[in-house]
1. Find the residue count for the range 543-579, including only residues that are in contact (Cβ under 8 Å) with a residue 40 or more places away in the chain and of a type in the set (D, E, K, R).
2. Please work out which residue is least open to solvent (accessible area, probe 1.4 Å), limiting yourself to the range 565-595 and to residues that are over 24 Å from Lys614 (Cβ atoms) and hydrophobic (A, V, I, L, M, F, W, C).
3. Within the range 537-567, can you find the residues that are of a type outside the set (D, E, K, R) and touching a Pro at 6+ places or on another chain (Cβ under 9 Å)?
4. With the requirement that a residue be modelled with pLDDT of 95 or more, outside any strand (DSSP E or B) and either basic (Lys, Arg) or out of contact with any Phe, Trp or Tyr (no Cβ under 9 Å at 6 or more places or on another chain) (or both), what does the range 114-155 give you?
5. Could you tell me how many of the residues in the range 266-320 are more than 14 Å from Phe89 (Cβ to Cβ) and aromatic (Phe, Trp, Tyr)?
6. Could you check how many residues of the range 44-69 are modelled with pLDDT of 90 or more and farther than 30 Å from Lys274 by Cβ?
7. Keeping to the range 384-410, report how many residues are open to solvent by less than 20 Å² (accessible area, probe 1.4 Å) and farther than 28 Å from Leu332 by Cβ.
Amino acid sequence: MKFTITHNKKHLARSGVYMGSIGAGGFEVRPDGMFYRCRLFNHWKQEIPLDAFFLHRDRKKNRILRLTDLVTAGRIIEGVKKIEFQAEFPRVKLHFPQVHTMIEFTSLFIPHDLKHSTLPSLVLKVKGKGRMIFFLPSFYPSIPSFKNNRIVLKSKEGQIALGSKKGKAFYVPQDLKHFYVPDNERLKDIFDKQEEYRLNFWKGKKDHYYAAVFWEGDFEDEVIISWFYPDMRDNDNNFMGHFYTRFFKNASQVLDYTIKNKNNILEKVCLVHKRIYSAGLPEHVKDSYSAQLSSFVKQSWLARDGKFGVWEGSCCCCGLQTTDVSFYGSWLYAKLFPRLEKTALELTAKFQRADGWIGHFFPGSFKKIDEYRRKDMNMQFILMAFRDYNLWDDISFLKKMYPAIKKALLCTYQWDTDGDLIPDIEGPDQTFDAWGWNGCSIYLGCLQLAALKVSAESARLVKDKKFQQKCEQDLAVVRDNLIKKLWNGKYFDLWTTDKKRDNGCLLDALSGDWYCYLMGLGHILPEDMILSHLRSCLKHNRKKMDLSYMQAYSTPGEKGWCYINGGYPDNKRISFQQYEPWTGTEYSFALHLAIMGLKKKAFRVIKDVHNRKKRCGMFFNHIECGGDYFRPMVIGALWDRIKQDNSR
């Protein structure tokens, strides 16, 4: 994705690309040239801005390379007038045409290589003319050290370091009124004042410092940024640590390792980038997939002991590894990092209640579950477990998970109140918990149908013939009852009881079907009904964004087409969960369209979301129940499906 940002388009900088590593921290690089939502120092709750910046001087003027001016006690340094922004995770590039300078950050993201994808390092490339300094702060009072053109800022909490290949590395206190550059053994004022310090003036003194690099003339360089802050704590202040501390003891070791192995690591990272952006797919599809990879890295927690989870939203909403949201989002990384998915699902299984009920989420701690109330969790857990077996062709994993699968399915029978073998809704007990459903719903019914299909196949594979037969028999009953109760000739109605019926057309009604199809189990409902339902969604659920009432998940300035969760023939509005869009369900709807051969319509859905989010500056941060939401990562399944189709 490429665009130019100016002062009158600052709204385009509401979100940015996350530069960091899985579970290791990082920061957001936004189009305005500033750095936000920093988690390098374990501030996962506060998400403080990162006070890093580039100062540039040429013959004409001094500038800070961002849109916003730098205002200090003794000087104001103007920002630039425009920035050309190019976001292609794992890279992000900013070009400043006024000063003929470019900076580029690269995250170390390599599928199937967990050590390097969790490495707490970044690569910064710079190219330009004039004089330029990069300032990188430590949040904590630190003691600086300088060796071999490398700076390390050491504090009791941890360390941050950088190393330059061609520039001049140095350090300077953050509270100086002017800015200094190295000149032999001295630091001289960049504005040619007479003030100067000896380079080792602050040696051994604890203070808030910048680690910095200086360039002049026609420059081109590569800088490695590394960090090491081991004392990561969960929401209850329990020690978690970071996975990277298994391999390193300090930032100097991380920096040395990254520099030594840089060429090999970057070659693999570049291949990741090439595979995404050379794919024969529309640009809006590639950009949408890339943006969710960025969110995945940002939202991931990976403890020292290997426990893993993805935040449902912004490290504030709900919790980690929310079952009904992971059901969608885990498609992004289940193939890329099987070890992470296996760890997460096994932890969910570990907290399964004695009666078989699957928990909702881990509330900022891997030591407990928040609640056992939602009925869709069980079916979704079953489907994820079988999906992972299918993706990895790992029968030992299926055998390990089978007792939890069986117990989870048997638990669902207690929720059937009328003998149709379909779990009934009784209040806010599923994903759409603010909508007001009752009785037999197409959402739970289709999930139950899929869970029975998967459980029957799981039982066959582990040779549990009796349970296999039960699942197959009940599968036929549930299918017949779903069609009998909810099919209206054009689509499946939302829900029904013996006294009332809701004729809403649910965008996400048939997730159980596309799940089974992607697992090689075929469709679980008649294909003509599936197609008719999807076409009805295109008719009833595709709406123009209207911020006069779409206010729960939208952003000021968000315009264009969206696909709301629940469409009605008479366009009535019942609940914000019904009449507003969730990009996660929009993406899964696109996936189902692609599976059913409606690829052009699938691409249109992705483009509608793309255009909406880009226009309001939230392309890299999709809001549902919190920002950087987990559910849109389901685009990973769509990406794999389309690439598979294109390779045939």
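The values are calculated or read from the model by the stated rules, or taken from the named source; none is laboratory data. Computed from a predicted model, the values in this text were never measured in an experiment. Virtual Cβ from ideal backbone geometry, glycine too; neighbours counted across all protein chains shown. Areas reflect the complete protein model, heavy atoms only, side chains present, ligands, DNA and RNA absent. Shrake-Rupley method; radii C 1.70, N 1.55, O 1.52, S 1.80 Å.
1. Residues meeting the conditions: 2.
2. Ile595
3. First, the residues of the range 537-567 that are of a type outside the set (D, E, K, R): 537-538, 540-541, 545, 547-557, 560-567.
Hits for the range 537-567 are His540, Asn541, Met545, Leu547, Met550, Tyr553, Ser554, Cys562, Tyr563, Ile564, Asn565.
4. Lys115 - this is the single residue of the range 114-155 that is modelled with pLDDT of 95 or more, outside any strand (DSSP E or B) and either basic (Lys, Arg) or out of contact with any Phe, Trp or Tyr (no Cβ under 9 Å at 6 or more places or on another chain) (or both).
5. 3
6. Here is the first cut: in the range 44-69, the ones modelled with pLDDT of 90 or more are 44, 48-56, 63-69.
From what's left, farther than 30 Å from Lys274 by Cβ: 44, 48-49, 51, 53, 55-56, 63-64, 67-69.
Total meeting the criteria: 12.
7. If we filter the range 384-410 for residues that are open to solvent by less than 20 Å² (accessible area, probe 1.4 Å), which is where we start, we get 384-388, 397-398, 401, 404-405, 408-409.
With the extra rule that they be farther than 28 Å from Leu332 by Cβ, the set shrinks to none.
The qualifying residues number 0.
Per-residue answers, yes or no, for (1) within 25 Å of the chain's Cα centre (by Cα); (2) at pLDDT 95 or above; (3) open to solvent by 20 Å² or more (accessible area, probe 1.4 Å):
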residue	(1), (2), (3)
Asp192	no, no, yes
Glu195	no, no, yes
Asn200	no, no, yes
Gly204	no, no, yes
Gly241	yes, yes, no
Tyr244	yes, yes, no
Ser252	no, yes, yes
